[in-house]
Every structure is written in C-alpha cells, then in structure tokens.
Amino acid sequence: MSDDRRIERVAGLVRSHLTELIRRELGDDELAAIVVTSVEVTKDLSIARILVRSLANDDDLESRRRLMRRLRKVAPRLRGALGPRLELRRVPELRFEFDTGADASARVSELLAEIAKEPKGTT
C-alpha cells in the first residue's frame, strides 16, 4: 500500500472513530454537538490535525475557545481509546482546531451577493 493511501486510510479511521468516541463515550452534551469536518495526518503518522465545528449556534469567539479547551483536555483520553481501534504501533497525537472554512465561505458568498446587487455603471 502506498504511503499516501495509508495516510488517507488512517485519517479516515481517526475521523470515524473520533466521531463515535466523542458522541458515545465522553458523556458531554456540549462536546457531542461537534462535527469532525476534516482530519489531516502527517506522513509519519505522529500527529493528527482534527478540524471541528459546533452544531450549536455559538458563533462567538469565547465559546469557540471554551470548546477547544475542553477538547484539548479530553484529547489524551480520546487518544487512549483510539489505540485499540486503529491497531497502530503508535497512535497519532490529537491536535484539535476550530474549522473556520465555513465562515470564510459564507463571507465570500455575502460579498458576491453585495457585488451582484450593486448598480451596473456605464463606462
């Protein structure tokens, strides 16, 4: 199996198992309301960068920071639970980040809508 395919496979497994672990094993309703949007694993499989979003409508910066602190606090527990499921010699370190891609996409859509509404000038 090529390295790229293995990295993609491990990233997919981390994503699916983490989603299940967060929802079922943590017993935290606030954390259960997050969605793992993407997982990127380094070539040596030592670090997994996990992008998450909240299903709750907490768009303020402080609630995002609080959510990230809570995820970082439970990261060692999640990593330990991932070990037997991934069947790897070494489980990647979990680094959580808030996914701001949807925010940027929404802002671009807003700007395009504003441009479309502007009156056409004659040149």
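Overview of values
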read-out	value
Residue within segment 47-57 that is touching a residue at least 40 places away in the same chain (Cβ under 8 Å), closer than 15 Å to residue 26 by Cα and open to solvent by 20 Å² or more (accessible area, probe 1.4 Å) present	no
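Residues checked against (1) surrounded by fewer than 17 Cβ atoms within 10 Å (Cβ to Cβ); (2) in contact (Cβ under 8 Å) with a residue 40 or more places away in the chain; (3) under 17 Å from residue 85 (Cβ atoms):
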{"position": "23", "(1), (2), (3)": "yes, no, yes"}
{"position": "26", "(1), (2), (3)": "no, yes, yes"}
{"position": "37", "(1), (2), (3)": "yes, yes, no"}
{"position": "44", "(1), (2), (3)": "yes, no, no"}
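The values are calculated or read from the model by the stated rules, or taken from the named source; none is laboratory data. No experiment lies behind these values; they were computed from the predicted model shown. Heads up, the Cβs are rebuilt from the backbone with ideal geometry, glycines too, and the neighbour counts pull from every protein chain shown. The accessibility values were calculated without ligands, DNA or RNA, using every heavy atom of the protein model including side chains. Shrake-Rupley method; radii C 1.70, N 1.55, O 1.52, S 1.80 Å.
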